[in-house]
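Please read the structure below before turning to the comments.
Quick note: the coordinates plus some simple rules give every number you see, no bench work behind them. These numbers come from a predicted model, not from an experiment. As a convention, Cβ positions derive from the backbone with ideal geometry for all residues, glycine included, and neighbour counts pool all protein chains shown.
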Amino acid sequence: MTDMMTPEQRTRCMQHIRGSNTKPEILVRKYLFAAGFRFRVNVRRLPGTPDILLRKYKTAIFINGCFWHGHAHCPLFRLPKSNVSFWKNKIERNQERDIKVNQQLRDLGWNVITIWECQLKPKVRLQTLDSLLHTLDQIYLMNHGQKGYTAEEECASLAAETEIQYGNNQLKDMTPHPYYHVVAAIIQHHDELLCMQRGKTRFPYTSFKYEFPGGKVEPGETSEEALQREIHEEMDYDIHVDSLFMTVTHEYPDFTITMEAFLCSAKDRCFTLREHHAYQWLPSSLLDTLDWAAADAPIAQALQERGIQ
Ligand SMILES: [Zn+2]
């Protein structure tokens, strides 16, 4: 990682990031600065006051503490032993607000990326930040297609006091490579999880692999709505979407996806196999016995390690 900041820029940056700013936020900002990104921080005029706003990328980034935002099934999220109902209420209100804010921002045309505190722990930090850069590149390509670079004027009109620039933001990879925002359902019924096997697909690396069912989020839909629609269309199955479990960005050879995987529940096991080849209900402890699609594998692994509650 090259540090492209001049001493003056660094001073400005350090002055700016003191105060209400938390350590994980600083980490992400420093990384983005060094990679040449230009952004604004703590943007109060937008819903939820995004921690980082990359206008050129139409992207708002939130860096969420796992406790305050109730990161589902996260080792860093444990309710205190006393005043349980007080904390539970407080965190549930925060979660509801997060969902509402995400939707408001999406309605305003922003992409929303949430980075969790636990994803910035030393072991996984670089992977998370690399995946963030890649996602931003893909968002840029998706928004701009072949039309080239027109965002400069847009940014000039917004040159508020909080905007800081660090060098050129050169896109590393201009090859056409579609980016999709998808959702997946981790459907639980009586302590077992529904694992769907795909049939033969266009790409050898997804053929006959297991996955959590779901699909693409359409414009104007919330992730939850997209998931319910997809599961209904694909499987004629009505599920309840409970909470976000984790988000994975994976680069396949021909496309990249950012997949939000939600914990879901179902009243029964009555669905129709329309698009898939086969399925299995398995306890989380046996998920590693299946051959998962690469994007789904980290989700299966996290479920196996953390268990389901
Ligand atoms: Zn977490």
Practice prompt. Tell me the Kirkwood hydrodynamic radius of the stretch 224-293 in angstroms, computed as one over the mean inverse distance between distinct C-alpha pairs.
Written response: 14.0
Discussion item. Starting from the Kirkwood Rh over alpha-carbon pairs, what translational D in µm² s⁻¹ does the stretch 179-306 have by Stokes-Einstein at 4 °C and 1.567 mPa s?
Written reply: 89
Fill in: lysines whose Cα lies under 29 Å from that of Lys30, excluding same-chain neighbours fewer than 8 positions away
Lys56, Lys58, Lys100, Lys121, Lys123, Lys172
Fill in: Asp296, Asp236, Asp288 arranged by Cβ crowding within 10 Å, fewest neighbours leading
Asp236, Asp288, Asp296
Worksheet item: Going through the stretch 220-309, which trypsin sites (Lys or Arg not before Pro) have at most 10 other Cβ atoms within 10 Å and a DSSP loop state?
Response: Lys267, Arg274
Worksheet item: What ranking do Tyr205, Tyr252 get, fewest neighbouring Cβ atoms within 10 angstrom at the top?
Response: Tyr205, Tyr252
